[in-house]
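The values are calculated or read from the model by the stated rules, or taken from the named source; none is laboratory data. Just so we're clear, the structure is a prediction, and the values are computed from it rather than from any experiment. Note that each Cβ is placed from the backbone with ideal geometry, even for glycine, and that neighbours are counted across all protein chains shown. Protein only, heavy atoms only, side chains kept; ligands, DNA and RNA dropped before computing areas. Shrake-Rupley method; radii C 1.70, N 1.55, O 1.52, S 1.80 Å.
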Protein chains: 2
Amino acid sequence: MFLFILRPEYPEKNMDNRKFEKISRALGDANRIAILQQFRKKKDCLYCAEVNDLLDLTQPSISHHLKQLVDADLLIPEKEGRNLKYVLNQEVLDDYIASLTDLKG
Amino acid sequence: MFLFILRPEYPEKNMDNRKFEKISRALGDANRIAILQQFRKKKDCLYCAEVNDLLDLTQPSISHHLKQLVDADLLIPEKEGRNLKYVLNQEVLDDYIASLTDLKG
DNA sequence: TTTATTTATCGAAACATTTAAATGTTTGAA
DNA sequence: TTCAAACATTTAAATGTTTCGATAAATAAA
């Protein structure tokens, strides 16, 4: 009468290997790690200009790193007029953590 | 009278950025992800020869990938005579997950 | 000891990533 | 409309990674 589903989609949702790889690559760079860590200080969102202050890189390089993080869905970009702000994607981080937990067996 | 420690060292232990980067890079490759996923099937340990069967790569390439995983401390190598077996390092995975959780804020 | 097996290392080719200079695009302000 | 600011894209150089063939090292077996 009742059906028990052992590994529900919710709350952990497993991503495919291609996405897992992409996120791992995005996380595999010191500058990008520094960007992500800024979210602990600047709680909710981070402005592109702030990243420019944070890293000793030219603007195109920073643009490149932010693109990597956005392409991996770790950051969600939001336009605010001429500026651009980023929000940390908690869900994708959770999914990535779930995949790692799954890997543990 | 009582002292509350907000972020105890135990059970989560935070690694430095260099190590986090190294692990991320090790995880950022399809072949190495496939190797790690084999541990779900072959529960406790994995033999080098088994990895050879798993991946369509030459022996030196597989040796290279296993080295990356060992250098990142994700795999612990154990010699067994002429053979080599690997054990998944649960602790490092836990530390990595803890760092990611920390990143979430 | 000699031979075969297993894994590691070296060297080079192919490919990917990082970085910055130059330039382009978008948007707000004058 | 014109100018300036914020961010993206293109291009090229430097560097790093992946891969394989050849070869070396370690160990087990004959």
**Message:** Excluding same-chain pairs closer than 8 in sequence, count the lysine pairs in region B:17-104 whose Cα atoms lie under 17 Å apart.
**Reply:** 7
**Complete:** Sorted shortest first, the nm distances from the A:Pro60 label point (7 Å along Cα→Cβ) to its counterparts in the other copies are 3.6
**Asked** How big is the A/B interface in buried accessible area, both sides summed, 1.4 Å probe, to the nearest 100 Å²?
**Response** 2500 Å²
**Two-decimal Rg to Rh for the protein assembly as shown - Kirkwood Rh, Cα set** = 1.02
**Message:** For chain B, set up a GNM with springs between Cα atoms under 10 Å and report which of B:Leu57, B:Leu88, B:Leu75 has the largest fluctuation.
**Reply:** B:Leu57
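Compute the FRET efficiency between B:Ser63 and A:Asp94 as 1/(1 + (r/R0)^6), taking r as their Cβ-Cβ distance and R0 = 45 Å, and round to the nearest 0.05. Write out the running numbers ahead of the final one.
Numbers: r = 35 Å, r/R0 = 0.77.
My answer for the efficiency is 0.85.
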**Fill in**
Rounded to one decimal in nm, the spacing of the 7 Å Cα→Cβ label points at A:Glu78 and A:Asn14 is 3.3 nm
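May I ask for the percentage of alpha-carbon pairs in region B:27-105 that lie more than 14 Å from each other? Write out the running numbers ahead of the final one.
Numbers: 1946 of 3081 pairs.
Every Cα pair in region B:27-105 considered, those over 14 Å come to 63 percent.
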